[in-house]
Amino acid sequence: MTPILQLRAVKAFYGQSEVLHGIDIAVERGGMTVLLGANGAGKTTALRAICGTVRREGEIIFSEHRLNGRSTEQIARLGIAHVPEGRGTFVGLTVEENLRLGAYTCTGTPHENMQRMYAYFPILAERRRQQAGALSGGEQQMLAIARALMMSPQLLLLDEPSFGLAPLVVESIFALVERIRREHRVSVLLVEQNASLALEFADRAYLIETGYVVSSGSAKALADDPQIRRSYLGY
Amino acid sequence: MHQLLQQIFSGLAAGAIYASLALALVMIYRATNLVNFAQGEMAMFSTYIAWTLVNAGLPFWGAFLITLAVSFLGGMAIERIVIRPVENAPILAAVVVTIGLLLIFNSLAGWIYSYTLQEFPSPFPDRPLFGALMTTRDIGVIAVTLVVLAVLFCFFRFTTTGLAMRAAAQNPESARLCGIHVGRMLAIGWGLAAAIGAVAGIMVAPALFLDPNMMSGVLLYAFTGALLGGITSPVGAVIGGLIVGVTENLVGTYLIASQLKFTVALILIILVLLFRPNGLFGTAIVRRV
Amino acid sequence: MSESLPVGAAGKLAPIRASVPNAAKVRWPCNWPWNWPWNWPWRWLAGAALIALAVVLPFALSNYHVFTLTQVMIYAIAVLGLNILTGYNGQISLGHGGFFAAGAYTAAILMHRYGVPYWATLPPAGLICFVLGVLFGLPALRFEGPYLALVTLAMAVAMPQLLKYFDTWTGGQQGIVLVKPLPPPGLGLDRDRWLYFFVLAVLLLAMRLAANLLNGRTGRALVAIRDHPIAAVAMGINTPRYKTLAFGASTLFTGVAGALAAIVVGFVAPESFSLFLSLSFLVGSAVGGIATIGGAIVGGFFIESVPNLANDVSDAAPWAIYGLAMLLFMYLMPRGLVGTLGPWFVHAMRKFRSARGAPK
């Protein structure tokens, strides 16, 4: 089966500096792929390259669509939902308004999707009329994921969902993402620094170091690899 | 006492106009971090369009609505054509572009319509009410302003486009990720601001008489009102505009002759701002290191 | 990674920019001339050539053109003041027309009422405007961005009205008519050309002073405050002192320019110092390059010449042409002429030098 997302020889630039030096990544349909690596390796940049938020070169193919020349809004409309680093919630708007915005690209009322999100994240239902900025870190992360899911995406890009969150909260979020992936057959591309947890849930993994893919394979293979265990898993 | 109330009411009527223009300034500032120096001249030009339509025989409110529509489209066009090239440039470049626009509109109006003062009809008869406490014209101006504000409030609070515009102004990056076309939202914002400015111009023209320099004073008051209320707060813009209108009137009546009245009012307002340097309702710019 | 620190020939740390890969391709930010290599002979040659041109020019032009050039230089000094405040220190000012007026009227009143010779009015005008600037700078510490613009706007708006109000001193609406100064005997210069050289001398002095101020510790502190105020405070920079100093220095320059204007034009009236003058200075700053010294001259040219040229282009709507010129300038060179061409020029000279094999 062809992968739902494929990056071939993709380079990304911040201004004049080349940050990604030609990477190849594939995400299987319905699977979860994780990008691992240290700070500044280029993982977030890879997600930004997919969404068109940074200048990029190379081939990016999503479900038979070429993403290269498209703007970020067009890419979102194709069915790619990006939960950015730092969550990117609209802190001045209420929880409900944030969710409504998630469904901006969908025709029809967002009511059904919103009820589904409230079922997955009951805490959001409780706080639906509160300003998003007043939510805790974990709640904001849930809101960000819920907002992304409101558009019933085919591909979900998750950037460091564990950032700044307590371990228990992180585990519950990962479990939820896994459940959603299975129930709705959403493909997930995950960027994480918390390698051990990510490798538990993912199918495939890529290891990125200063803009190059240095290792790739199934998640289990990378988890068992002694080199990676020493460098990134701490044992 | 009677005179005080009278001055307060006529101050509120003037303040309603400042509030409208202040709201236009705040809308554009929230979306683009830019103070549109040309807002007054754009409003003046719209008023001339309304004047032309009325002189051609259209009924007042018909001309009013057509002018609003034309101003909306014009504002959108200006954002796309004139402002778009400098949207990623340093903010000073955009400021200079608005100053250039100011000159262009002022000069064009003078060229097309000449600099002689023109009379502009008011839809409200100028009759005193409640024992000369206020006039029907003042009530009319305040009422129109309130209607415009109510329409805007409903637009931003209850429609999807309004929500998208608020989102695009707050966080353009995330808005794009939701599929919102931020450029289009900016253009709509400019269009709305231009339409609101047109309302302000049409409401003030009967009193000030129509000429290309009609709005320059109004713009200064509106700018002051917007900042007094907090440049990031639409509610603040309205309240700030009203306060400026009343203050200007009271200062002019009780403190000092008309020449220095704006200076004194401005100094009073700056003293207030010293205690609240982000305006009465403005939010502080939180800086994260 | 395992790169060692870049060390130069004398064992001292080499400038960081030399070790950045693709340094030549990086577009430097607007605060040129930080990266202008001072050890070029080119710079001295270029400067000398320009000064020579400036000295010779008035003898080749008519009286009217000499007067126009003198006005250009006066505006350049005023815009230089604004560049110090808004460009290098990031504090916006819409009020410099007011400080210009303060300097002009100080000079006018001293000459008219007290018979002070024209050249002696410059220091008092500068001093008074410096004090005014510091007084303005103090409350300005509380405000940022558009709020600061409003506070300075008060200066621009209040000035003409105050000038009309205190008419016993200022001559009110009519203003003050001054006698244009006589050139010193024996130089063989007529009045216009003498004033041209007088203003030229002040301009060169002003540019030298500005360069000294801005290229040393003070300038770096100002730029640090502009670019990252929190980091500046954390580094121990006394932000209130520098911000107030920047205000004072800025208004000093503009005030002296105003005094020169009074001397050269021979007439002051409140109408000449409207809010539009303040906006013109801002436009001149932007067109030349807000954080540059040389850009002030370009700005001066723009403010003085373009309205006149616009009149030639279109009789009916000259200000529209002026506005259009502003738009076009900002589209083509959003960082101003010197702000855009400066870094490009530095980059080109670097490539030239490295192509010739000279050490960087």
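The values are calculated or read from the model by the stated rules, or taken from the named source; none is laboratory data. Since the model is a prediction, treat every value here as computed from it, not as a measurement. All Cβ positions, glycine included, derive from the backbone under ideal geometry; neighbour counts span all protein chains shown.
Candidates are the residues of region A:69-105 that are at the interface with another protein chain (Cβ under 8 Å from one of its Cβ atoms), hydrophobic (A, V, I, L, M, F, W, C) and part of a loop (DSSP other than H, G, I, E, B); the one that is nearest to the chain's Cα centre (by Cα) is A:90. Taken over region B:25-40, the criterion of being in a helix (DSSP H, G or I) and either under 10 Å from the mean Cα position of the chain (by Cα) or at the interface with chain C (Cβ under 10 Å from one of its Cβ atoms) (or both) is satisfied by B:25, B:26, B:27, B:29, B:39, B:40. Within region A:143-168, the set of residues being at pLDDT 90 or above and assigned to a helix (DSSP H, G or I) comprises A:143, A:144, A:145, A:146, A:147, A:148, A:149.
Per-residue answers, yes or no, for (1) of a type in the set (Phe, Trp, Tyr); (2) modelled with pLDDT under 90:
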position	(1), (2)
C:47	no, yes
C:68	no, no
C:78	no, no
C:91	no, yes
C:128	no, no
C:133	no, no
C:147	yes, yes
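On the basis of being at negative phi and within 14 Å of the chain's Cα centre (by Cα), does residue B:246 make the cut?
Values: at negative phi: yes; within 14 Å of the chain's Cα centre (by Cα): no.
No.
Among the residues of region A:2-28, those that are within 14 Å of chain C (Cβ to nearest Cβ), closer than 14 Å to residue A:211 by Cα and out of contact with any Leu (no Cβ under 9 Å at 6 or more places or on another chain) comprise A:14, A:17, A:18, A:19, A:21. Does residue B:52 satisfy the condition of being crowded, with 23+ Cβ neighbours inside 10 Å and assigned to a helix (DSSP H, G or I)? No; evaluated as a whole, the condition is false for this residue. Would you mind stating whether residue B:166 is touching a Lys or Arg at 6+ places or on another chain (Cβ under 9 Å) and either within 11 Å of another protein chain (Cβ to nearest Cβ) or farther than 22 Å from residue B:8 by Cβ (or both)? Criteria met by residue B:166.
Quick one: count up the residues across region B:102-140 that are part of a helix (DSSP H, G or I), within 14 Å of chain C (Cβ to nearest Cβ) and more than 21 Å from residue B:194 (Cα to Cα). First the steps, then the outcome.
First, the residues of region B:102-140 that are part of a helix (DSSP H, G or I): B:102-113, B:136-140.
Still in the list and also within 14 Å of chain C (Cβ to nearest Cβ): B:102-113.
Now narrow it down to the ones that are more than 21 Å from residue B:194 (Cα to Cα): B:111.
Residues in region B:102-140 being part of a helix (DSSP H, G or I), within 14 Å of chain C (Cβ to nearest Cβ) and more than 21 Å from residue B:194 (Cα to Cα): 1 in total.
For region B:61-78, the count of residues that are without any contact (Cβ under 8 Å) to a residue 24 or more places away in the chain, in contact with a Ser or Thr (Cβ under 9 Å, 6 or more places away or on another chain), under 22 Å from residue B:210 (Cβ atoms) and part of a helix (DSSP H, G or I) is at least one. Only one of the listed residues (C:151, C:223) is over 23 Å from residue C:104 (Cβ atoms) and part of a helix (DSSP H, G or I). That residue is C:223. Comparison of C:346, C:338, C:306, C:313 shows that the only residue that is at pLDDT 90 or above and either within 24 Å of residue C:222 (Cβ to Cβ) or more than 9 Å from chain B (Cβ to nearest Cβ) (or both) is C:306.
The residue list B:22, B:43 contains one member that is within 14 Å of another protein chain (Cβ to nearest Cβ), in a helix (DSSP H, G or I) and surrounded by 23 or more Cβ atoms within 10 Å (Cβ to Cβ), which is B:22. Here is the figure for region B:136-195: residues that are buried (at least 18 other Cβ atoms within 10 Å of the Cβ), closer than 29 Å to residue A:76 by Cβ and among the hydroxyl-bearing types (Ser, Thr, Tyr) total 1.
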